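S.K.: Right, I'll just put the structure down here and ask away after.
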Amino acid sequence: MGQKIVELKMPTNYSDAELRSRIANKFRIKNFSFQIENKSLDARNKSDIHWLLKVFIQSEEIKELVPVTNETLSVPYKKRNEKVVVVGSGPAGFFSAYILQKAGFKVVLIERGSEVEHRGQMIEKFERTEEFDSNNNYAYGEGGAGTFSDGKLTSRSKHISIEKGFIINEYVDAGAPQEIKYLAHPHLGSDNLKLIVKNLREKFVKIGGKIVFNTCVTDLKIKKKKIYSVETSTGENYETDYLIMA
Ligand SMILES: Cc1cc2nc3c(=O)[nH]c(=O)nc-3n(C[C@H](O)[C@H](O)[C@H](O)COP(=O)(O)OP(=O)(O)OC[C@H]3O[C@@H](n4cnc5c(N)ncnc54)[C@H](O)[C@@H]3O)c2cc1C
């Protein structure tokens with residue numbers, strides 16, 4: 001089986017069938033499979049706006065063989081007794097908690113706001129009545145800031161490809177559109193975000209993670225220069241070996 005990666009220019013309104021036929025004609029192949037690796041809109045010339053696609057093609061009719069890198073982030077599980085408290089269920093806190101739980105730590109994720117469903121109701125109420133909930137609003141509550149946006153996936157770092165791939169796959173598993181795997185400017189979509197956050201939470205809980213909502217971390221207990229417990233607004237303290245403030 002041969003394979004190649006090619007760059008193709010396609011009109012802004014192309015269909016999947018047109019892309020397939022373009023590949024067939026350009027490379028004179030009939031039986032093949034393909035997958036878009038990257039898709040970005042080239043609008044530099046206003047009279048020639050088009051998609052630029054990077055496409056991975058596989059076919060018995062192709063002689064070449066390009067090396068395929070399928071490097072993925074591996075999170076090896078090991079039974080551990082150490083406790084980790086993560087403060088904040090935004091993207092940074094959630095994925096720290098999720099990965100550490102997968103790796104075998106005993107993780108408690110503490111969030112000052114509510115589950116995303118109730119948070120959404122409080123935001124709707126605020127928009128109707130201007131009654132402000134200081135724990136459930138556009139910045140606070142499950143999912144963190146940006147949960148009630150259109151979810152543009154942006155990252156300033158160019159050096160996190162394996163981690164980025166892991167997070168994108170988790171988003172897709174949780175209900176994000178497949179196209180975020182290859183679009184240059186991917187969106188999770190405002191209608192999808194609440195469901196994605198809920199599905200990710202359920203996955204975390206299923207692997208043994210604990211989430212405590214409506215609980216604000218108010219202080220840290222330190223002995224011999226080491227944090228050993230966090231104090232919260234509910235009066236409950238959480239002992240821990242490690243703390244991530246996210
Ligand atoms: C309206 C809006 C739209 C946005 N749209 C986009 C976008 O489209 N694309 C994009 O890339 N970025 C967007 N952003 C920015 C993006 O949301 C942030 O960069 C991102 O949320 C930062 O993630 P984080 O996990 O570091 O922190 P946060 O998301 O801020 O998460 C922190 C969490 O900690 C909780 N918390 C805070 N203090 C405590 C405490 N003492 N105890 C317990 N819990 C606590 C909060 O409730 C919150 O859930 C948007 C931001 C806003 C406000």
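S.K.: For Lys223 and Glu82, calculate 0.36 nm times their separation in residues minus their Cα-Cα distance, and state this gained length in nm to one decimal.
M.R.: Computed gain between Lys223 and Glu82 is 49.0 nm.
S.K.: Under a crude label model (7 Å from the Cα following the beta-carbon direction), how far is Ile62 from Val6 in nanometres?
M.R.: My value for the distance between the label points is 0.8 nm.
S.K.: Based on a Kirkwood Rh over C-alpha pairs, give the Stokes-Einstein translational diffusion coefficient of the range 1-153 at 4 °C and viscosity 1.567 mPa s in µm²/s.
M.R.: Answer from the Stokes-Einstein relation: 64 µm²/s.
S.K.: Here's a follow-up. Across the range 163-177, in residue order, what do the Karplus-derived ³J(HN,Hα) couplings come to in whole Hz, using 6.51 cos²θ - 1.76 cosθ + 1.60 with θ = phi - 60° and x for Gly and Pro?
M.R.: Going residue by residue, I get 5, 4, x, 4, 5, 4, 4, 5, 4, 5, 4, 8, x, 6, x Hz, with x marking Gly and Pro.
S.K.: Rounded to the nearest whole Å², what accessible area per residue is found for the chain with the 1.4 Å probe?
M.R.: On a per-residue basis, 62 Å².
S.K.: Moving on. Which GluC sites (Glu not before Pro) in the range 157-246 pass both tests, a DSSP loop state and at most 16 other beta-carbon atoms within 10 Å?
M.R.: Hits after loop and neighbour filter: Glu236.
S.K.: Using a probe of 1.4 angstrom, how much of the accessible area of the chain is carbon and sulfur, in percent?
M.R.: Answer for the chain: carbon and sulfur cover 50 percent of the accessible area.
S.K.: A further question on this structure: With a cut-off of at most 10 other beta carbons within 10 Å, and DSSP calling the residue loop, which trypsin sites (Lys or Arg not before Pro) in the range 60-120 qualify? Please list them.
M.R.: Answer by residue number: Lys63, Lys78, Lys79.
S.K.: Name the residue from Val55, Thr12, Ala43 whose Cα lies farthest towards the positive end of the charge dipole of the range 2-59, charges +1 on Cβ of Lys and Arg and -1 on Cβ of Asp and Glu.
M.R.: Of the candidates, Val55 comes out farthest on the positive side.
S.K.: Helix-derived [θ] at 222 nm for the chain: sum -39500 (n - 2.57) over DSSP H runs of at least 4, divide by residue count, nearest 500?
M.R.: That calculation yields -9000 deg cm²/dmol at 222 nm.
S.K.: With the chain treated as a Gaussian network of Cα nodes joined by springs under 10 Å, which of Leu220, Leu100, Leu193 yields the largest mean-square fluctuation?
M.R.: Maximum among the listed residues: Leu220.
S.K.: Bin all alpha-carbon pair distances of the range 2-59 at 10 Å intervals from 0 and give each bin's fraction as a whole percent.
M.R.: 22, 55, 20, 3
S.K.: Where the centre of each part is set by its Cα atoms, how far does the range 62-139 sit from the range 13-47, in angstrom?
M.R.: The range 62-139 and the range 13-47 have Cα centres separated by 35 Å.
S.K.: Continuing with this model, one more query. Can you give the FRET efficiency to the nearest 0.05 for Thr72 and Lys203, using r as the Cβ-Cβ distance and R₀ = 22 Å?
M.R.: The calculated FRET efficiency here is 0.85.
The values are calculated or read from the model by the stated rules, or taken from the named source; none is laboratory data. Since we're looking at a predicted model, the values are computed, not measured. Please note: Cβ atoms are built from the backbone with ideal geometry, for glycine as well, and neighbour counts cover all protein chains shown. Accessible surface is based on the protein model in full, side chains and every heavy atom, while ligands, DNA and RNA are left aside. Shrake-Rupley method; radii C 1.70, N 1.55, O 1.52, S 1.80 Å.
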